[in-house]
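Structure, as structure tokens:
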Amino acid sequence: MTEPNHLRQATRCVWGGRTEPDPHGATVAPVYHGVTFNYDDLDEWQAVGSGERPGHIYSRNTNPTVEIFERVMRDLDGAEASTSFATGMAAISNTLFTFLSPGSRVVSIKDSYGGTNKLFVEFLPRFGVEVVLCETHDHEQIEREAAKGCDVLYLETPTNPTLKVLDIRRLAEAGRRGGATVVVDNTFATPINQRPLELGAHLVLHSATKFLGGHSDAMGGIVSGDAERIRSLYHFREINGASLDPMSAYLLTRGLRTLELRVSRQNESAQAIAEWLAAQPQVEAVYYPGLAGHPNHAVAKAQMSGFGGVVSFSLAGGMPALRAVVPALRLAHRAASLGSVGTLAGPPAMTSHVELSAHERAAAGIPESLVRYSVGIEDPADLIADLEAAFAHIPQNIPA
Ligand SMILES: *Cc1c(COP(=O)(O)O)cnc(C)c1O
């Protein structure tokens, strides 16, 4: 069954990915753990192997359970095709290595995810790729660098962990004019809140480990876009071998069934928590695109249908306050990652940007006292009460 285009996102989450009826009438597709697929008919085997007929040969290339996950994401992203990966970083590195070669030029931002930044500063230059990292807030600089000609314009919005927002439509246009494949890391927004392909990007990618799976129990990555680019990317991945495991694909698809429900709740709760935090004297600054005072609130409002489940804040009392508050939280895992049903809290220095030195974090504008708070699906009143109780642990004698 192909997915009718008129369905809304919540419905696509539930019904997306359906293929032929199950032989037993099962309403949930099974997990195909089988690595290899049998063909009694050699002609059919050859037709499938050469791509003339649909089917599966070997699970590093394609697998029926993995394909269901890819179909749901293809429909949610509004794309012609999607291909999946073992992790979000596999999706990112395979994308960059597919569309860049020695002598290529990539333009991106300083605030990309820590692992992505490592690809830009450590690995790509070793392969003779010119990397230009612009000031994240400086749209003019990104446009200028794209206009000089680039092969990939790599964007991420909202950014991790300070929730900066880039104008996708404006920058995608600049990237296209410069001849680039325009890529957007949409992990923080999810296809519920933002659909970059409709705003002019060629490819959208996600760490499925975060909101898409939503339960912190499976890793994966996904890239969606036009059929030709996804075919090239798939070809690199099948040889590179960074394939998604069927069990993880099953868990991620199961997670996707409730994506719209979870993200709607997380949008609402994060907004309430951000507004509450902004009114607390212990809080130095709140980073959330849903706040009217956010520098890119207007752009966020125009291109997003919700502002997401991650709120970052810094504490007036600096590191001593952070050291008092974070351990005192009762309703948050102090752990890396984000986008789970349970609230997660952690300083970027220990989570998303642990790969960077303190100096590199400072250069990226990440205060050491920043707390990245990924709101779960708990009752927001309980989360606010928990934050309030934790703030009471801040020592009174530290200068604000
Ligand atoms: C977590 C994350 C990644 C990397 O995903 P993994 O699944 O951990 O490899 C990439 N981009 C962003 C924005 C992320 O939050």
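Points to keep in mind about this one:
- Within straight-line reach of residue 118, meaning a Cα separation under 20 Å, sit the following aspartates and glutamates at least 8 residues removed in sequence or on another chain: 130, 135, 151, 156, 185, 355, 360, 368.
- Among 220-226, 198-204, 350-356, sorting by the average number of other beta carbon atoms lying within 10 angstrom of each residue, highest first, gives 220-226, 198-204, 350-356.
- Using a probe of 1.4 angstrom and keeping all protein chains present, the accessible surface of the chain works out to 43 square angstrom per residue.
- Mean separation of Cα pairs under 8 Å and 6 or more residues apart, divided by the residue count, gives the chain a relative contact order of 16 percent.
- Long-range amide H partners of residue 312 with built H, under 5 Å: 287, 373
- Percentage of interatomic Cα-Cα distances in segment 260-391 larger than 22 Å: 33 percent
- Fraction of accessible area attributable to carbon and sulfur, segment 260-391 (%, probe 1.4 Å): 57 percent
- The angle separating the long axis of helix 318-328 from the principal Cα axis of greatest extent in the chain is about 70 degrees.
- Over segment 167-221, the pair-distance histogram of Cα-Cα distances with 5 Å bins from zero comes to 5, 21, 27, 18, 13, 9, 5, 2, 0 percent, rounded to whole numbers.
- Summing Cβ point charges (Lys, Arg +1; Asp, Glu -1) relative to the Cα centre of the chain gives a dipole of roughly 560 debye.
- Backbone amide hydrogens, once placed in the peptide plane, bring residue 283 within less than 5 Å of 316, excluding anything fewer than 5 places away on its chain.
- Solution diffusion estimate, µm²/s, Stokes-Einstein, segment 143-240, Kirkwood Rh from C-alpha pairs, 25 °C, viscosity 0.890 mPa s: 174 µm²/s
- Ranked packing of 381-394, 21-34, most packed first, by mean Cβ within 10 Å: 381-394, 21-34
- Simple rule: put +1 on each Lys or Arg Cβ and -1 on each Asp or Glu Cβ in segment 61-114, find the dipole, and look at 68, 114, 95; the Cα lying farthest toward the positive end is 114.
- Around the Cα centre of segment 260-391, unit charges on the Cβ atoms of Lys, Arg, Asp and Glu (plus for the first two, minus for the last two) sum to a dipole of about 180 debye.
- Two-decimal log10 I(q)/I(0) for segment 316-383, as the Debye equation yields it once each C-alpha is a single scatterer, q = 0.17 Å⁻¹: -0.62
- Computed [θ] at 222 nm, deg cm²/dmol, the chain (DSSP H ≥ 4; -39,500 (n - 2.57); rounded to nearest 500): -11000 deg cm²/dmol
- Packing-based order for 147-160, 108-121, using average beta carbon neighbours within 10 Å, highest first: 147-160, 108-121
- Value of D in µm² per second that Stokes-Einstein yields for the chain, Kirkwood Rh from Cα pairs, at 4 °C (1.567 mPa s): 59 µm²/s
- Two-site FRET efficiency, residue 20 against residue 396, from Cβ-Cβ distance with R₀ of 51 Å, rounded to 0.05: 0.15
- Selection from 365, 319, 303 lying farthest towards where the dipole of segment 260-391 points positive, charges on Cβ: 365
- Helix 88-99 vs. the chain, principal-axis angle (Cα, 0 to 90°, nearest 10): 60 degrees
The values are calculated or read from the model by the stated rules, or taken from the named source; none is laboratory data. In this text the structure is predicted, and so the values were computed from the model without any measurement. Counting neighbours? That spans all protein chains shown, and the Cβs are built from the backbone with ideal geometry, glycine included. Surface areas here come from the heavy atoms of the whole protein model, side chains and all, with no ligands, DNA or RNA. Shrake-Rupley method; radii C 1.70, N 1.55, O 1.52, S 1.80 Å.
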